[in-house]
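Q: Quick one: the structure is below, questions incoming.
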Amino acid sequence: MQSAPSSGPGLYETIFKRRDVRGQFTGEPIDPDVLRRVLEAAHAAPSVGLSQPWDFIVVRDKATREVFREHVWSERERFSGTLPPERAEQFASIKIEGILESSAGVVVTYDSARGAPHVLGRHAIADAGLYSVCLAIENLWLAATAESLGVGWVSFYDEAVLAELLGVPDGVRPVAWLCLGPVTRLEETPDLERAGWRQRLPLEAVVHEERYERRS
C-alpha cells in the first residue's frame, strides 16, 4: 500500500486503504447511523449543474439478492466463454462478488431527467451526469472505508435485468450494485493483483506534460 503524506494522513490513508471487497464480508448488520453517514457522504458529491442525478436503493432482502446473484453468475459464465483457455482457467479462481456474504447491496442509479432540460454544464458533454454519479459512488466508497466497512462493485450484470428486478423506471440507469458491510479485513494488495490478473501501473506511466504522449 502506498504511504500517505504526513500532512494529511486521514484522507490519504483512506484513499490508499480502499479496496474492492469480495470475500471478506462478515454479514453482520450495518449500524443504521453508520449507513446514513455513508449515504450522506455519497449525496454530498459534486454534480453537474447541481442536478444530483443519483438515487440509492438499499437491498437487504435475501431472495432478491439470490436472484441477482444467479444472474451475475450467468454473466460470469458468458464472459468466461470469451476468454482463451489459459485466461479462462485463471479467471475461474477469481471471486467476482460478495452479494450474499455482504450485509446489503446499495444500487446507485442515474436519472438523466433530474434537473432537465436545462442542466447547467451538460450541454456539451452528455455524460457529465453519469460522471456525477461516479463521484457519488467514490464518496460512498471512501466514507465506507473510513467507517471500517467494505465495498465491492458488481459489474457482471445486464442493466435491463437489474432494473426489472428492482422496479427501476424507464430512463433511469442502474450504474452500480455495491456490496456493503463489515469485513474481517481490507487486503493490502487488490484481489486482481494477488491473482495475477493485472498489475497496477506506476504513476509515471499515466502522467503527461502539456500534450498526450503516445506510449507502447
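Q: Nearest 0.05, what FRET efficiency do SER216 and HIS123 give at R0 = 30 Å with Cβ-Cβ as r?
A: E between SER216 and HIS123, to the nearest 0.05, is 0.20.
Q: Mind putting a number on the dipole of the chain about its Cα centre? Charges go on the C-beta only, +1 for Lys and Arg and -1 for Asp and Glu, and I need it in Debye to the nearest 20.
A: 220 debye
Q: Fewest first, what order do GLU164, GLU101 take by the number of other Cβ atoms within 10 Å?
A: Working: GLU164 10, GLU101 20.
The most exposed by this proxy come first: GLU164, GLU101.
Q: Of LEU201, HIS118, LEU140, which is farthest on the positive side of the dipole of the chain, counting Cα position, with +1 on Lys and Arg Cβ, -1 on Asp and Glu Cβ, and the Cα centre as origin?
A: Final value for the positive-end residue is LEU201.
Q: Next up: Check every DSSP H run in the chain and write down those whose alpha carbon atoms cover 18 angstrom or more along the long axis and whose mean Kyte-Doolittle hydropathy is -0.5 or greater.
A: The qualifying helices are 128-146.
Q: If you don't mind, another one. Measuring from centroid to centroid over Cα atoms, what is the spacing of region 126-158 and region 17-76 in Å?
A: Measuring centre to centre over Cα atoms gives 8 Å.
Q: Hey, with R₀ at 22 Å, roughly what FRET efficiency would TYR12 and CYS134 work out to, going by the Cβ-Cβ distance, to 0.05?
A: Numbers: r = 20 Å, r/R0 = 0.93.
Plugging the Cβ-Cβ distance into 1/(1 + (r/R0)^6) gives 0.60.
Q: Counting each DSSP H run of 4 or more residues in the chain as -39500 (n - 2.57), what helix-only mean residue ellipticity at 222 nm follows after dividing by all residues, to the nearest 500 deg cm²/dmol? Don't jump to the answer; show the numbers that get you there.
A: Details: 7 runs with 79 residues, N = 216.
Using -39500 (n - 2.57) per qualifying helix, the result is -11000 deg cm²/dmol.
Q: Also, I was wondering about something else. Taking loop as defined by DSSP and a crowding limit of 15 other beta carbons within 10 Å, which trypsin sites (Lys or Arg not before Pro) in region 23-92 fit?
A: ARG60
Q: Provide the FRET efficiency to the nearest 0.05 for the ALA160-THR26 pair, computing r from the beta carbons and using R0 = 30 Å.
A: 0.40
Q: Quick one: compute the contact order of the chain, relative version, from alpha carbon pairs under 8 angstrom and 6+ residues apart, as a percent. Before the final figure, lay out each step's value.
A: Numbers: 321 pairs, mean separation 72.2, N = 216.
Rounded, it is 33 percent for the chain.
Q: Along the charge dipole of region 20-184, pointing to its positive end and built from +1/-1 on Cβ of Lys, Arg, Asp and Glu, which listed residue (VAL154, VAL67, VAL48) has its Cα farthest out?
A: VAL48
Q: Taking the beta-carbon count within 10 Å as an exposure proxy, list ASP127, ASP20 from fewest neighbours to most.
A: Result, fewest neighbours first: ASP127, ASP20.
Q: Taking 0.36 nm per residue of sequence separation and subtracting the Cα-Cα distance, how much length would be gained by fully extending the chain between ALA113 and LEU83, in nm to one decimal?
A: Using 0.36 nm per residue and subtracting the Cα-Cα distance, I get 7.0 nm.
Q: Full-extension gain between GLU204 and GLU40, please, as 0.36 nm times their residue separation minus the C-alpha to C-alpha distance.
A: The GLU204-GLU40 span can extend by a further 55.6 nm.
Rule-based calculations on the coordinates, nothing more; no lab input. None of the values given here were measured: they were computed from a predicted structure. All Cβ positions, glycine included, derive from the backbone under ideal geometry; neighbour counts span all protein chains shown.
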